[in-house]
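Comments concern the structure below.
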Amino acid sequence: MSGALAGKRALVTGVANERSLAWQIAERFFREGAEIGLSYQGARQERRARRLAQGVAAAFVAPCDVSQDAEIAALFETVERHWPQFDILIHAIAFADAAALQGKLIAVEREAFRQALDISVYSLLALVRQAQSLLRGRRASVLTLSYHGARKVVPDYHLMGIAKAALEAAVRYLAAELGREGIRVNAVSAGPVKTLSAAVLPRFQDKLDLAAARAPLGELSDGADVAALAAFLCGPDALHMTGGTHYVDSGLHVLGA
Ligand code: NAD
């Protein structure tokens, strides 16, 4: 198949439904010629993930709850069964307890903090560790998804903001560690998009409306924008880009008061 990602194999994590940014990326990568493997969180998502997988002729679709080391290991057994090596790892996974986000940051308890950082940040390290030997020497690309709440205070985003700040730091450190192995690591910082996990944020629709009103470009970015930037960063035109967090948010991140 022709396209910027022809001949590439991409493992895409974090597909919950059609709205998932991971799904938009999987579809775009498929259109660009990549072979796709999908992972989903658990039994509740299996049917939908398997149905979606047909739309991108996925080589495999496998469960992986990233809070469980055994499930990460099992995912990579599946990956290795299908692909002796692969080229692209998409990490599109985040979680914070909804109740913790409803309250104030100062009230967040140790377990909610641990869980948010574990699932949203440590999972990147855990997945890359398993993927490393399969990506090595392939001019490979790891991509994760962040949000501007990592850098500036966004109402109600507090715990996730801390997780995203750590995630963006992890991207820089991983990029430095893995560059000589031919593995690039980047993040896309996306503007707000109505997805399953975004909708959990308090007053998310109000935030979307406000963002749309304030965005320098006069309209919001969407999942297709995220997927297009992801395809660029994982493709042949970005071979010397690593360690960065790249915005696609209609310019929202440049605004002050
Ligand atoms: P989504 O709900 O579709 O995707 C989140 C995914 O994380 C789901 O597939 C869910 O199953 C997965 N996940 C959560 N806990 C997991 C676990 N323990 N094991 C495995 N998977 C687990 O929402 P989305 O908006 O597409 O989120 C994808 C990424 O994009 C997240 O990192 C999110 O923070 C980021 N992001 C989203 C927005 C937005 O406005 N939607 C903006 C910037 C960044």
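The values are calculated or read from the model by the stated rules, or taken from the named source; none is laboratory data. Just so it is clear, the structure is predicted and the values come from calculations on it, not from any experiment. All Cβ positions, glycine included, derive from the backbone under ideal geometry; neighbour counts span all protein chains shown. All accessible areas refer to the heavy atoms of the entire protein, side chains included, with ligands and DNA or RNA removed. Shrake-Rupley method; radii C 1.70, N 1.55, O 1.52, S 1.80 Å.
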**Message:** Take the residues in the range 220-238 that are in a loop (DSSP other than H, G, I, E, B) and within 15 Å of the ligand (Cβ to nearest atom); name whichever of them is farthest from GLU35 (Cα to Cα).
**Reply:** LEU220
**Request:** Return yes or no: is ILE88 modelled with pLDDT of 95 or more, surrounded by 18 or more Cβ atoms within 10 Å (Cβ to Cβ), under 24 Å from HIS240 (Cβ atoms) and among the aliphatic types (A, V, I, L, M)?
**Result:** yes
**Prompt:** Taking VAL15 and the conditions (1) without any contact (Cβ under 8 Å) to a residue 12 or more places away in the chain; (2) of a type outside the set (D, E, K, R); (3) in contact with a Phe, Trp or Tyr (Cβ under 6 Å, 6 or more places away or on another chain), which numbered condition does it fall short on, given that it satisfies the others?
**Reply:** (1)
**Asked** If a residue has to be in contact with an Asp or Glu (Cβ under 6 Å, 6 or more places away or on another chain) and among the polar types (S, T, N, Q) to count, how many in the range 126-183 make the cut?
**Response** 1
**Prompt:** Quick check: anything in the range 203-210 touching a Gly at 6+ places or on another chain (Cβ under 6 Å) and under 30 Å from ALA99 (Cβ atoms)?
**Reply:** no
**Asked** Which one is most open to solvent (accessible area, probe 1.4 Å) among residues in the range 1-33 that are assigned to a loop (DSSP other than H, G, I, E, B) and within 11 Å of the ligand (Cβ to nearest atom)?
**Response** ARG19
**Prompt:** Is there a residue being buried (at least 19 other Cβ atoms within 10 Å of the Cβ), outside any helix (DSSP H, G or I) and over 14 Å from the mean Cα position of the chain (by Cα) anywhere in the range 158-168?
**Reply:** no
**Message:** Looking at GLY243, GLY256, GLY251 in this structure, which one is closer than 21 Å to VAL171 by Cα and not hydroxyl-bearing (Ser, Thr, Tyr)?
**Reply:** GLY243
**Prompt:** Can you tell which of VAL171, VAL153, VAL79, VAL142 is outside any helix (DSSP H, G or I) and either under 30 Å from LEU5 (Cβ atoms) or not aliphatic (A, V, I, L, M) (or both)?
**Reply:** VAL142
**Message:** Scan the range 188-201 and tell me whether some residue there is open to solvent by less than 20 Å² (accessible area, probe 1.4 Å), polar (S, T, N, Q) and more than 13 Å from the ligand (Cβ to nearest atom).
**Reply:** no
**Asked** Would you pick out the residues in the range 34-61 that are assigned to a helix (DSSP H, G or I) and open to solvent by less than 80 Å² (accessible area, probe 1.4 Å)?
**Response** GLN45, GLU46, ALA49, LEU52, ALA53, GLY55
